[in-house]
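A.B. asks: Could you have a look at this structure, given as structure tokens, before my questions?
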Amino acid sequence: MGSLMMRELVEMHHEFVRCYGPDRDQSPLWMEGEKLKKLMSVLQKIMTEDEGNNNLAALVSLYSLDNIEECMQKIQHVKYGEEVCFNGMLMLKACSSGLELGNCVWTIKGPRASMTCLPSSIFVSAHALDFDYSSLMGNDVILFSDFSSLNGMYDDNKKMGEHIVNETDIFLLCCSSTEKSFRDDGMDEDESIKFLCSNDDIAEEVERISFICSCITDAINSGGSVLIPIGRLGIILLLLEHMSETLHSSNMKVPIFMISETAEEMITFTNALPEWLCKSRQEKLFSCEPLFGHVELLKEGKLSLFPHLYSKGLLEAWKEPCIVFCPQWSLRHGPAVHLLHRWRADKRCLLVLEQGVDAELTLKPFMPLAIQVLGCSFLSGIKVGKIDPLLGLLKPKLVLFPEGQKSLCPATDKHPWSFLYYTKGKTIEVPNMREEFEVRMTTEVAFGLQPRQLDKTTAVARLKAKLLLSNGQYVLAAAKSQLDRSERHLLHRGTVDASLIPSALQEKGIVCSFSADADCSAPSDRERVISITSPGEALVKVTSERSSIYCDDEKTAERVYDALRSICNGI
């Protein structure tokens, strides 16, 4: 999918250069407005101040087809739920976000923490596989990067079918209905899941699609054509499916064209890969039914796919009124530019735009306009009212949240998790989530252990091993060379019993005595001092925490050490 999208952009850029030339001495007339002059001056200032930095990665030459090919060779394909290892340190897993083909929620697990990268997601979708939130439970950190709430699609004052009319356009606003209120007062897990996974979102989305289809039908009946430069593949497929039903029910005969360099590959790809589709559409595959309604349109010849606007087949099949799906939503590249110039003065025609685009700036090159403009907002992420219930279900320790959306989810004492707010281009420090971590050992190392029981619940053993990092976990592997048990020095543990020291020293031929103020019946945490007079002078101090030998003669010190070692536990 990514390759197809990049190839399409390169092709549109080549077409733009062929049409307008590689360079222009001055800006086009439509860029003479005060707002755009300020934009140009701001960009020039940024480029001057940031010269030599990497902050302007977007302001470089467009990649070529060779660049795309080279990029795709470095990509590893994964399936939903498939864990892959990166560099031995991180385990990566993708799951469905419920939004679109290619849009995934990622889980990243390492030896010290686990993280969820949460993009725009939809719990229940009319076409894509539902959001798999269950695989994200218990991860330490959530990087919340769903910015859909910033587009204002949840404003309560916007209603379905609201018309804003002026002398240049008719703007129809399709927005979601008022969001249900939700309170997390003692709501258990089952109730949270029921709230999050309700079918209200699907009903709203179907209502929007139906409204758009009715507007398209009205435009066609009046003799106008319809231009749809929407980039979301799932929305395009749903529109085609509902248009198929509408055309059948109304017995309308209107040609539908999809004009894109990658149109044929896209349509083939969506029918050949059912993994990203919701369960109901996957079941259609096994019952040999079409996954989407556009399959019937293709068979009946009502939907035609062409790579270019100047394709010979398109010129022969062209008939108006018609419905055209084509890139690009910015209305700066591709067939949409030429078609909008053709139809902009016809008030019977209709242009369908996705809300979130600056309509004034987007349509400025085509002014004055008589064409009708339908601005549509589609469900594109987690609704504000569902953020808290979702976090309560996932139970993270830390949530990284966009600074621009801080008012939607402010940190409060009622949240058991902490918040850190991030902004673009700034680095923030994330605290360590786990003070302790698990270490696994290989079978070879495990069978080589000779543990000594300390108490009923604890045993201790000595080993020589290498600490490795494999598949996101620390692993103890056998060392290349192991010391012979008879040759290695014992490691001693436990407190030395002072009452046993004299007899142990005497067995080694060492003459000793307790200091005059020593009391054998005193508490064990009190320091005891033992004086040694033969075969050399030495001093032994014993406490509950340590035993120390003070001696100038190395041989004498070694004999004292051997005596004390004989009454200690060693491993």
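A.B. asks: Restricting to the range 188-202, name every residue that is over 24 Å from PHE378 (Cα atoms) and in a loop (DSSP other than H, G, I, E, B).
C.D. replies: ASP188
A.B. asks: Being touching a residue at least 12 places away in the same chain (Cβ under 8 Å) and open to solvent by 30 Å² or more (accessible area, probe 1.4 Å) is the filter here, so list the residues in the range 233-251 that pass it. Break it down into steps so the answer makes sense when it comes.
C.D. replies: At the first step, the residues of the range 233-251 found to be touching a residue at least 12 places away in the same chain (Cβ under 8 Å) are 233-247, 250.
Across the range 233-251, the qualifying residues are HIS242, GLU245, THR246, SER250.
A.B. asks: Something else now. Do any strands (runs of 3 or more DSSP E) entirely within the range 214-321 hold 3 or more residues that are modelled with pLDDT of 90 or more and among the aromatic types (Phe, Trp, Tyr), and if so, which?
C.D. replies: Correct list: empty, since no element meets the threshold.
A.B. asks: Right, here's the next one. Determine, yes or no, whether ASP388 is over 27 Å from SER148 (Cβ atoms) and open to solvent by 20 Å² or more (accessible area, probe 1.4 Å). Break it down stepwise before answering.
C.D. replies: On the way: over 27 Å from SER148 (Cβ atoms): no; open to solvent by 20 Å² or more (accessible area, probe 1.4 Å): yes.
So ASP388 does not fit the description; no.
A.B. asks: Confirm whether VAL352 is under 19 Å from LEU9 (Cα atoms), among the β-branched types (Val, Ile, Thr) and not in a loop (DSSP other than H, G, I, E, B). Full working, then the answer.
C.D. replies: Working: under 19 Å from LEU9 (Cα atoms): no; among the β-branched types (Val, Ile, Thr): yes; not in a loop (DSSP other than H, G, I, E, B): yes.
For VAL352, the condition - under 19 Å from LEU9 (Cα atoms), among the β-branched types (Val, Ile, Thr) and not in a loop (DSSP other than H, G, I, E, B) - is not met.
A.B. asks: Would the range 270-286 turn up any residue that is surrounded by fewer than 16 Cβ atoms within 10 Å (Cβ to Cβ), under 14 Å from LEU101 (Cα atoms) and of a type in the set (Gly, Ala, Ser)?
C.D. replies: Checking the range 270-286: at least one residue is surrounded by fewer than 16 Cβ atoms within 10 Å (Cβ to Cβ), under 14 Å from LEU101 (Cα atoms) and of a type in the set (Gly, Ala, Ser).
A.B. asks: Moving on to the next point. Can you name every residue in the range 530-571 that is in contact (Cβ under 8 Å) with a residue 60 or more places away in the chain, open to solvent by less than 60 Å² (accessible area, probe 1.4 Å) and in a strand (DSSP E or B)? Outline the logic, then answer.
C.D. replies: From the range 530-571, those in contact (Cβ under 8 Å) with a residue 60 or more places away in the chain are 563-571; that's our starting set.
Then keep just the ones that are open to solvent by less than 60 Å² (accessible area, probe 1.4 Å); that gives 563-564, 567-568, 570-571.
Matches in the range 530-571: GLY570 only.
A.B. asks: Which residues, counting only those in the range 417-442, are open to solvent by 90 Å² or more (accessible area, probe 1.4 Å) and either closer than 30 Å to ALA479 by Cβ or at pLDDT below 85 (or both)? Working first, answer last.
C.D. replies: Filtering the range 417-442 for residues open to solvent by 90 Å² or more (accessible area, probe 1.4 Å) gives 424, 426-427, 429, 435-436, 438, 440.
The answer is LYS424, GLU435, GLU436, GLU438, ARG440.
The values are calculated or read from the model by the stated rules, or taken from the named source; none is laboratory data. Quick caveat, the model's predicted, so the values are computed rather than measured. Cβ atoms come from the backbone with ideal geometry, glycine included; neighbour counts cover every protein chain shown. Protein only, heavy atoms only, side chains kept; ligands, DNA and RNA dropped before computing areas. Shrake-Rupley method; radii C 1.70, N 1.55, O 1.52, S 1.80 Å.
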